[in-house]
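Peer 1: This is the structure I want to talk about, given as structure tokens.
The values are calculated or read from the model by the stated rules, or taken from the named source; none is laboratory data. Just so you know, these numbers come straight off a predicted model, no measurement behind them. We place every Cβ from the backbone using ideal geometry, glycine too, and count neighbours over all the protein chains shown.
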Amino acid sequence: MLGSEIQLNIPTSLDQSVSQQNQSFISATDQDLLPSQKDVISLRQYQIDTFQNISQIIDKDESPNKNLQDNQLNNTNGGGRNPFKLLGLLNETEKRGSTFFGSSIKKEGTRSYMLKSKPPKEKLSRKERIKQFLLNLLPRGLKSLKNVNDKDQYNVYNIVKKREILKAKIMLNHIAGAVFGLGHGWLQFNENRIYEESQLKSFQGVLTKVSDSKQSQIFIMRVTGMIIAAFLVFSVVKHYQYDLQMKKIINGGFSYPSIWNPDYKIFLVIEIVICCVFIPPGLNGILTFNTNGGTVSYSVDMIFTSLTLFKGYLVTRVYQHISIWTNYEAKRISNRLGVQTDEIFGLKSDINNYNFMGLLLVATALIIYISAFLFGFERNYYNSELTDIHWYEFMRFYINQVWLQIETFFGVGYGEGYPATIPGRTIIIISCLGSQYLLSILVCIVFSWAKFRPQEASAYQILLQKTNKYRAQESAKDVIVQALRLKKFQYQVYSPNRYLHKMRRKLAKKIEQTKQLAAQVPKLTEKMQKLREQNKQNSKKLKTIADMSENVMEFFIQQNNTIMRSQLKKQIARN
């Protein structure tokens, strides 16, 4: 601000040695100042006095310019120091020409120094406040730029703002394309199911049209599919336009003039062909083939539905907006390393980061999607030689196709069903190759999980050393025990005859015990027979006793009855 700074121009070369005494006086005269600035100098008089004291110790010589040229201000070899920089009172400007109270001062071989003072607070206009607010929204790196005026910062802010708005447009376009791409596939899949169930009938692999039921519902679904296809083509074109605009911003305006360029045109044509697939209303037809000894019929509706399912690739574009591996910071780091951070890079990173979870999500998406193709190609196949009714029932349900894909992906294969048509077998071959790739990833994940981390490896090595030491101590203990035993029996020497005699006595004793046991066997048999006879006799006696007890009980019962009758008769007679 005017009146807030005093600019002093001194030569670019000063003798920075304080030991020499040359004097060079630097001052600001009243002629260089506007009348309204004299009060500022009076307020900053202590700083000017400081400068005058510093100038008195500067070297004085007949040719001061020569000494000044021999010592540069930016000399770093220890020849001298700039007293103005040491006190922190001056701000060095790199420009040779500087503005001082509205006038420009330019001198060859000079370097400008400015005396800092705190500017008074002024009330800003509304336009300046808006500009200051916009500048405060700049990133930290842009706020700290030096030698850039407000206009340049405002332009940089506009570029950043344009980039952020463009990124938001790209994200919204990708989300809308993914939603409508999946929605179109789901819509056509249900439309094909309703069409074939309500209007067609399959007999021995041949489809025939039998009615026109639900015609209005099918018409509405097909018209909706046409509108969605048109929107998807528009979305694809906008995707490449936004990408081209982003490249222009990043490269400073250097890019192709249109999206029809060598980098885009091949992918642009392929995506437009995929996204413009739809089933026009009234397009109904049936194609019948003989393949692998059987018959199969495909409706035109089913063929277009299968092609519509390819639009699901648009979902992968949303992935780069929700993954932490493709955000702004990740792209900045990857670009420095020469890596392109797209959705494929993000998918690889998440599979490596989440391991089983990432692998499970990829496998689930592939199983659901491939099963839809297999369901369309296999459900109407018929072969007169294939008499297994279970096979036909298995292939006519979508959930069974999902089960077949699960078996294929995980290498099981129970054999409940298998594809019979050429398109179905082609799909199952692709599934087999994909399953081998996924299984190899699974093996790598298990191996990486079983691999020690550095901390675990260190702990394992320490524990292994302690275990080996413990085992060595146990082996040493066993050796010592055996050595003591040998020490104990080393003087007990047996002659061969004495040893054999001792062994013979042991054997004879054992043989005698065996004979005694063998001799007791017949006696045990006789004892067992006697015990059996005794048991029989005891049983007979018990039976006799039981009979006698029954006879006694009957006798007592009869006597009791007789006594009761006699007493009853007497009582009746008394009455």
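Peer 1: In the range 272-307, how many are without any contact (Cβ under 8 Å) to a residue 24 or more places away in the chain, aliphatic (A, V, I, L, M) and over 26 Å from Lys238 (Cβ atoms)?
Peer 2: Count: 4.
Peer 1: If the Cβ limit is 7 Å and pairs must be 6+ apart or interchain, which residue in the range 397-424 that is assigned by TED's automatic domain parsing to the domain that holds Val362 pairs with which residue that is basic (Lys, Arg) and part of a helix (DSSP H, G or I)?
Peer 2: Once the first residue is assigned by TED's automatic domain parsing to the domain that holds Val362 and sits in the range 397-424, its partners that are basic (Lys, Arg) and part of a helix (DSSP H, G or I) give Pro419/Arg425.
Peer 1: Turning to a different aspect of this structure: Report the residue count in the range 291-323 for those that are surrounded by fewer than 14 Cβ atoms within 10 Å (Cβ to Cβ) and out of contact with any Gly (no Cβ under 9 Å at 6 or more places or on another chain).
Peer 2: Result for the range 291-323: 1.
Peer 1: A further question follows. Any chance you could count how many residues in the range 238-296 are out of contact with any helix residue (DSSP H, G or I) (no Cβ under 9 Å at 6 or more places or on another chain), hydrophobic (A, V, I, L, M, F, W, C) and closer than 30 Å to Lys162 by Cβ?
Peer 2: Residues in the range 238-296 being out of contact with any helix residue (DSSP H, G or I) (no Cβ under 9 Å at 6 or more places or on another chain), hydrophobic (A, V, I, L, M, F, W, C) and closer than 30 Å to Lys162 by Cβ: 4 in total.
Peer 1: Assigned to a strand (DSSP E or B) and not aromatic (Phe, Trp, Tyr), is that true of Asn335?
Peer 2: Here the answer is no, as Asn335 does not meet what is asked.
Peer 1: Of the residues Lys247, Lys201, only one is of a type in the set (D, E, K, R) and either under 18 Å from Phe310 (Cβ atoms) or assigned to a helix (DSSP H, G or I) (or both); which?
Peer 2: Working: Lys201 fails: either under 18 Å from Phe310 (Cβ atoms) or assigned to a helix (DSSP H, G or I) (or both).
None of the other options fit; the residue is Lys247.
Peer 1: If you don't mind, another one. So which residues in the range 214-240 are closer than 24 Å to Arg332 by Cβ and without any contact (Cβ under 8 Å) to a residue 40 or more places away in the chain, if there are any at all?
Peer 2: Step one: list which residues in the range 214-240 are closer than 24 Å to Arg332 by Cβ, which gives 239-240.
Hit for the range 214-240 is Tyr240, nothing else.
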